[in-house]
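What follows is a short report on a single structure.
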Amino acid sequence: PEEDARTFTIEREAGGWRVRGAAIERSAAMTYWEYEGSVRRFQRLMETLGVEKALRQAGIEEGETVFIGEYELEWSD
């Protein structure tokens, strides 16, 4: 059976948190980070997939780094 592309994992690693998953990594790669609207759309996707909630439950704190694919994001509430 095929794996659900929306599933993801979160791991603590040196320097921050690593999020792995087909959908979230693909979306990060397709996001135009220089446009505010694109960044907001990506944030909504993180909320929809449950990534935001999972990071909060894992204990992420303000200013920590989130690694998704090749991208580094700074966590902010």
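The values are calculated or read from the model by the stated rules, or taken from the named source; none is laboratory data. Fair warning: this is a prediction, and the values are worked out from it, not measured in the lab. When we count neighbours, we look across all protein chains shown, and the Cβ atoms used for this are built from the backbone with ideal geometry, even at glycine. Ligands, DNA and RNA are excluded from the accessible area calculation, which covers all protein heavy atoms including side chains. Shrake-Rupley method; radii C 1.70, N 1.55, O 1.52, S 1.80 Å.
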Does ARG18 satisfy the condition of being open to solvent by 40 Å² or more (accessible area, probe 1.4 Å) and touching a Phe, Trp or Tyr at 6+ places or on another chain (Cβ under 6 Å)? yes
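Yes or no, residue by residue, for (1) among the small types (Gly, Ala, Ser); (2) under 15 Å from PHE8 (Cα atoms):
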| site | (1), (2) |
| --- | --- |
| ARG44 | no, no |
| GLU47 | no, yes |
| GLY50 | yes, yes |
| ALA54 | yes, yes |
| ALA58 | yes, yes |
| GLU62 | no, no |
| VAL66 | no, yes |
| TYR71 | no, no |
Residue, least open to solvent (accessible area, probe 1.4 Å), within region 23-68, restricted to residues that are closer than 16 Å to THR7 by Cα and polar (S, T, N, Q): SER27
Mind checking which pairs have a first residue in region 30-44 that is at negative phi and a second that is part of a helix (DSSP H, G or I) and surrounded by 10 or more Cβ atoms within 10 Å (Cβ to Cβ), Cβ under 6 Å, 6 or more apart or different chains? THR31/SER38; THR31/PHE42; TYR32/SER38
In region 51-70, which residues are closer than 21 Å to SER27 by Cα and without any contact (Cβ under 8 Å) to a residue 12 or more places away in the chain? GLU52, LYS53, ARG56
Filter region 35-70 down to the residues that are out of contact with any Ser or Thr (no Cβ under 6 Å at 6 or more places or on another chain) and among the aliphatic types (A, V, I, L, M) and list them by number. VAL39, MET46, LEU49, VAL51, ALA54, LEU55, ALA58, ILE60, VAL66, ILE68
Would you call ARG12 without any contact (Cβ under 8 Å) to a residue 40 or more places away in the chain, surrounded by 11 or more Cβ atoms within 10 Å (Cβ to Cβ) and among the basic types (Lys, Arg)? no
